[in-house]
1. What list of ³J(HN,Hα) couplings, whole Hz, do you get for segment 296-301 from phi and the Karplus terms 6.51, -1.76, 1.60, once you set θ to phi - 60° and write x for glycine and proline?
2. What distance in nm separates the simple spin-label points at ALA213 and ARG385, each placed 7 Å from Cα in the Cβ direction?
3. VAL84 versus MET97, label points 7 Å from Cα toward the beta carbon: distance in nm?
4. Multiply the residue gap between TYR363 and THR473 by 0.36 nm, knock off their C-alpha separation, and tell me the result in nm, one decimal place.
5. Would you mind checking the pairs LYS33/LYS220; LYS166/LYS220; LYS155/LYS220; LYS155/LYS212; LYS33/LYS155 and listing those with alpha carbons more than 26 angstrom apart?
6. Using label points projected 7 Å from each Cα along Cα→Cβ, tell me how many nm separate LEU429 and PHE175, to one decimal.
7. Starting with the fewest neighbours, write out TRP204, TRP471 ranked by other beta-carbon atoms found within 10 Å of each beta-carbon.
8. Could you give me the ³J(HN,Hα) list for segment 95-109, computed from phi with Karplus coefficients 6.51, -1.76, 1.60 and θ = phi - 60°, whole Hz, x at Gly and Pro?
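Read the figures in this text as sums done on the coordinates, not as results from a lab. Source: prediction; values computed, not measured. Here Cβ is always computed from backbone atoms with ideal geometry, including for glycine, and neighbour counts include all displayed protein chains.
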Amino acid sequence: MTDELVKKDSGSQFSRKVAGGLMWNSLTFGFSKLFVLVTTSILARLLTKEEFGQVAVAVVAINYLAVIKDLGLGVALIQRRGDVDNAANTVFTINTMLGFFISALVIPLAPLIADYFHDPGVVPVLRWLGVSFAINALGSVHMIWLLRDLDYRRKFIPDMGNTIVKGIASIGLAFAGFGVWAMVIGQIVGALTSVILVWIILPWRPRLMIDKAIAGSLIKFGSSIIGGDILGTIIDNIDYIIVGRLFGLAQLSVYTLAYRLPEMLLIGNLWVLGEIAFPAFSSIQDKPDEMRVGFLGSVRLVEMIATPISLGLFIAADPIVRVVFGDQWLEAIPMLRVLAIYAWVYSIGFHIGGIYKAVGRPYILFNLSVFTLIILVPSLLIGARFGVIGIAWGHLIAVLIRRVVSLAIATRFVNVTLWDIFSQLVPSLRAGLVMLPLSYAVLYATAGFAPIVQLILVVITGAVSYLGVAWWTEKENLFRLLKAVGVSKKA
């Protein structure tokens, strides 16, 4: 958090909501990704690279279809301030229709996608995963209500129910020899569990209705969001499409696993923060001073978390891959190192999009997405000439350019300078510079140890050194964060 935030009373309602939401969402995310990591680790040892690649292709296709699952109406409902109940019923009705439509649409699309990747095994996997659209649509507005109210404590229940049931089902089926279907069935059962639980914890009961006037205003707002979401989904998944097409499903599975750890440990956390940032910034959209303090404080907090994760993945990539995925995936090590740096650059000011949407200027995100796509595709195609590792480097170069441009634009809409933003990185970088040499020293000193022992020693060294410096330099801010989320009473 900024010095300005330290001087002010950070016990404000905004700070408590954001910090509390971050705590609950981080708790959900942490448990969720732990289950995913265990499931992925088991499947990586039980499935062939080609089977793992089939699931990766199906997930990419689902991601592309998911971008139109509510036409941006969920975001519009969060932002809306009048006649909310009728708006919610309208969104529920439209979402349900869309969910069942997309599930049906997957059936004829699956063979076309399988042909693109030259693997007919993708067809049944994709068709069954497509059922999740119809299931999730039934609980989507309930989730939106919880997000709108910043009620992340109750949202924890369906999120964790999904995670636990999905994890247990996938692991059990994997051990039973179901192979690739362990993940597919687990996904469907988890989605169904989430819907049932959110209907139980939230007493709101929808009515099937469509108010044309409300639908029109929601779609108008949502259409400005969905364009950016479509481009964002293309950007987030185009590397998979290129790798799968040019290098085959086996190499796609290696690349997917290399990306999985930065995604689970850091990038996913950024999505969690982004989920909090939009409704939180929307609640203070007419208070620019609070928005400035909140933005800079969140940059500082995010980087205190992002820096050690990225450095840890970069330093300990070798023992991490050996321990988590097994020796058959050693090709992922150099890719993991590059993608760890990519994730760190990606994290800087990631949540600025929440401010653009909150102040009613989502078109900025769309324009930034167009710009990103323009620089990303050539970067990836040029990188592909050097193999799959070149794809990772292309991603890093493109995100570096985007981040500089996006932060420069941010200074026009939030009362900050680039120096204000980059000064928030100083505490995390200072602690990281202490962590880096000490962790590397332990890594090389334990080169002859078992991978699990080496990994534990490197993690302990990195955590102790980083947290020690962070505590020494950021103690007051950490106390204020703990107070905001209700963990500590000390000022």
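1. 3J(HN,Hα) across segment 296-301, in whole Hz: 5, x, 5, 4, 4, 5.
2. Inter-label distance under the simple model: 6.0 nm.
3. The modelled label-to-label distance comes out at 2.5 nm.
4. 35.7 nm
5. Distance filter (> 26 Å) returns LYS33/LYS220; LYS166/LYS220; LYS155/LYS220; LYS155/LYS212.
6. In this crude label model, LEU429 to PHE175 measures out at 4.8 nm.
7. TRP471, TRP204
8. Karplus-based 3J(HN,Hα) across segment 95-109 equals 4, 5, 4, 5, x, 5, 5, 5, 4, 5, 5, 4, 4, x, 6 Hz.
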